[in-house]
1. Per residue, how many Å² of accessible area does the stretch B:27-77 show with a 1.4 Å probe?
2. Carbon and sulfur: what percent of the stretch A:2-76's accessible surface (1.4 Å probe)?
3. Counting pairs of Cα atoms in chain B, how many percent are more than 18 Å apart?
4. Averaged over its residues, how many other protein chain Cβ atoms are within 10 Å of peptide B:46-56's Cβ atoms?
5. For the pair A and B, how large is the buried accessible area, both sides, in square angstrom to the nearest 100, if the probe is 1.4 Å?
6. How far, in whole Å, is the closest Cβ of chain B from the axis that maps B onto A, and which residue does it belong to?
7. So what's the back-of-envelope 222 nm ellipticity for the protein assembly as shown, counting only DSSP H runs of four-plus at -39500 (n - 2.57) apiece and dividing by all residues, rounded to 500?
8. Report, as an integer, the average count of C-beta atoms from other chains found within 10 Å of each Cβ along B:63-71.
Protein chains: 2
Amino acid sequence: MARVVVDVTLKPEILDPQGQAILGALGRLGYAGVTGVRQGKHFELDVADDADESVVARIAETLLANPVIEDFTVRPA
Amino acid sequence: MARVVVDVTLKPEILDPQGQAILGALGRLGYAGVTGVRQGKHFELDVADDADESVVARIAETLLANPVIEDFTVRPA
């Protein structure tokens, strides 16, 4: 059993109102050193040892991310 | 300017209905090799070069994660 991590982020050209809200809150809380925040999704999948990375990439593409507006990365945990 | 990634996941003992829903959908789509899915949040922060990791950890603890039910990791992008 292997654990694989899929991180899904909005493409850079897509507006991210959640990240903007966090950035605004950080400013009000006094954290001036942060100049940008982007929010995405994080998935941890337990896959069979014989499953290869292309299967996880297909899962990410079809179910976890919307490839029109989102990018994703696949990496071992 | 450095980019730091904060990943927030539910603690293992906390139920994850979103992950369960994804796991059910994967089964119906024919991906039998996946035995577990947990969903979390992924944040990318642009921080000043002189900000150290403890500042980002404090931000994660107070604003990005709920430490009662969630764990978080901080790593450079």
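1. Result: 55 Å² of accessible area for each residue.
2. Result for the stretch A:2-76: 56 percent of the exposed heavy-atom area is carbon or sulfur.
3. Tail fraction, whole percent: 50.
4. 3
5. The contact between B and A buries close to 2500 Å².
6. Value returned for chain B: B:H42, 2.
7. Roughly -7500 deg cm²/dmol at 222 nm, from the helical runs in the protein assembly as shown.
8. Mean partner shielding for this stretch: 1.
The values are calculated or read from the model by the stated rules, or taken from the named source; none is laboratory data. Since this is a predicted model, take the numbers as computed values, not measurements. Counting neighbours? That spans all protein chains shown, and the Cβs are built from the backbone with ideal geometry, glycine included. The area values use the complete protein model at the heavy-atom level, side chains included, leaving out ligands, DNA and RNA. Shrake-Rupley method; radii C 1.70, N 1.55, O 1.52, S 1.80 Å.
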